[in-house]
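Step one of this worksheet: look at the structure below.
The values are calculated or read from the model by the stated rules, or taken from the named source; none is laboratory data. Given the structure is predicted, the values throughout are model-derived calculations rather than measurements. FYI the Cβ positions are ideal-geometry reconstructions off the backbone, even for glycines, and counts take in every protein chain you see. Keep in mind that these areas ignore ligands, DNA and RNA; they rest on the heavy atoms of the full protein, side chains included. Shrake-Rupley method; radii C 1.70, N 1.55, O 1.52, S 1.80 Å.
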Amino acid sequence: MGPIMFRKSQANQIKEFFTLPLKNNELAFFYLGVSGFLARSADQAVIFDPASFLKNDEVSALKKVDLMLFTHDHFDHFRAGDAQAIFKATGAAVLAEPKVANKLKDKIPPEKLVSAESGKTYAFGDVMANAVVGIHRGPIILYQIKIGGIMLFHGGDSGYVNLKDYHSQIAIVPVGRMSPTASPENAFKMASDIKPQVALTMHGSDKQKQEFEQKVKEAMPQTKVIIMQPFTMQTIAVQSPV
Ligand SMILES: [Zn+2]
């Protein structure tokens with residue numbers, strides 16, 4: 001993230017995010033920055049890699065969150081104290097890369113904390129999650145989740161790994177800096193495997209985001225790229241199942 005800068009509280013926007021009416025074929029996204037996203041269907045909500053992006057009153061503004069997912073323990077993805085605060089506010093179950101899970105052992109009750117094993121599938125109420133090993137500086141787990149019947153992939157800030165078994169309607173892919181393993185090329189290869197109807201960018205400079213968008217436009221015209229700015233929200237509609 002770089003230095004912490006003044007940012008106006010978005011607590012009201014977060015409240016609004018949780019009340020957006022959604023159809024069966026829609027998910028709403030609220031981008032927190034880096035790899036941090038809130039995603040919700042009509043009835044379920046998840047949060048990915050929230051790090052310490054949320055201020056106290058924004059954490060309080062969160063409504064029911066079914067699942068909090070952590071890809072790895074780098075500070076721009078995970079902070080133990082913030083994870084605990086979000087858990088307290090929402091009661092969300094936590095699915096986390098094993099190093100992260102280990103750091104949360106004394107902060108999240110064991111029945112709410114799951115250490116993610118690559119290749120395994122987990123169910124949290126009506127939210128399903130597949131854990132997939134990625135490639136990064138240190139261990140990283142990527143997630144394909146099913147929420148509101150829609151398949152959504154989150155690529156952490158991984159480099160390219162084979163994702164041909166993880167076709168999803170929406171993919172959030174890391175397109176570059178500050179990740180040493182992410183790049184527009186790697187994100188494009190991920191998207192080529194996942195074949196999403198919509199690809200959302202995360203990480204990366206503006207130039208890298210545009211580079212990714214250009215590659216997708218040329219080679220995968222059926223996939224729409226959406227570049228979200230931090231602390232904005234967007235509703236995305238998909239066509240029937242993958
Ligand atoms: Zn990282």
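General observations
- Net charge of neighbours whose Cβ lies under 13 Å from the Cβ of D66, counting Lys and Arg as +1 and Asp and Glu as -1: +3
- DSSP-defined beta bridges in the chain - what % are antiparallel, rounded to 5: 60
- For region 1-57, the set of trypsin sites (Lys or Arg not before Pro) satisfying both a DSSP loop assignment and a count of at most 12 other C-beta atoms within 10 Å is given as R7, K8, K23.
- Cα shape, region 1-65, gyration tensor, a/c 1.5 rule: prolate
- Remark: region 115-242 carries 43 Å² of accessible area per residue (probe radius 1.4 Å; ligands, DNA and RNA excluded).
- Summing charges over neighbours of T181, with a neighbour being any other residue whose Cβ is under 14 Å away from its Cβ, gives 0 when K and R count +1 and D and E count -1.
- Here, region 29-77 is characterised by an Rg to Rh ratio of 0.95, where Rg is the alpha-carbon radius of gyration and Rh the Kirkwood radius.
- In order along region 92-107, phi translates into HN-Hα couplings of 4, 5, 10, 10, 9, 3, x, 5, 5, 4, 4, 6, 9, 3, 9, 10 Hz, rounded to whole numbers, per the Karplus curve 6.51 cos²θ - 1.76 cosθ + 1.60 with θ = phi - 60° and x for Gly and Pro.
- Taking the Cα atoms of region 87-242, the ratio Rg/Rh between the radius of gyration and the Kirkwood radius comes to 0.97.
- Across K63/K224; K99/K224; K105/K224; K64/K224; K8/K215, pairs whose alpha-carbon gap is larger than 32 Å: K99/K224; K105/K224; K8/K215
- Over all orientations, region 1-157 has a Cα convex hull whose mean projected area works out to 8.6 square nanometres.
- Sparsely packed loop sites in region 2-64 (the chymotrypsin sites (Phe, Trp or Tyr not before Pro) outside DSSP H, G, I, E and B with at most 11 other Cβ atoms within 10 Å) comprise F6.
- Translational D in µm²/s for region 101-145 (Stokes-Einstein at 10 °C, 1.306 mPa s, Kirkwood Rh from C-alpha pairs): 137
- Taking a straight line from the alpha carbon of K217, these aspartates and glutamates sit under 17 Å away, with near neighbours fewer than eight places off in the same chain left out: E185, D193, D206.
- Taking a straight Cα-Cα cut-off under 23 Å and skipping sequence neighbours fewer than 8 places away in the same chain, the lysines within cross-link reach of K103 are K55, K88, K112, K120.
- Within region 113-146, none of the chymotrypsin sites (Phe, Trp or Tyr not before Pro) combine a DSSP coil assignment with at most 10 other C-beta atoms in a 10 angstrom radius.
- Near S41, once Lys and Arg are set to +1 and Asp and Glu to -1 for all other residues with Cβ below 15 Å from its Cβ, the sum equals +1.
- With every protein chain in place, region 66-185: carbon and sulfur % of accessible area (1.4 Å): 52
- Calculated [222 nm] ellipticity per residue, helices only, for the chain: -7000 deg cm²/dmol; basis is -39500 (n - 2.57) per DSSP H run with n ≥ 4, divided by all residues, nearest 500.
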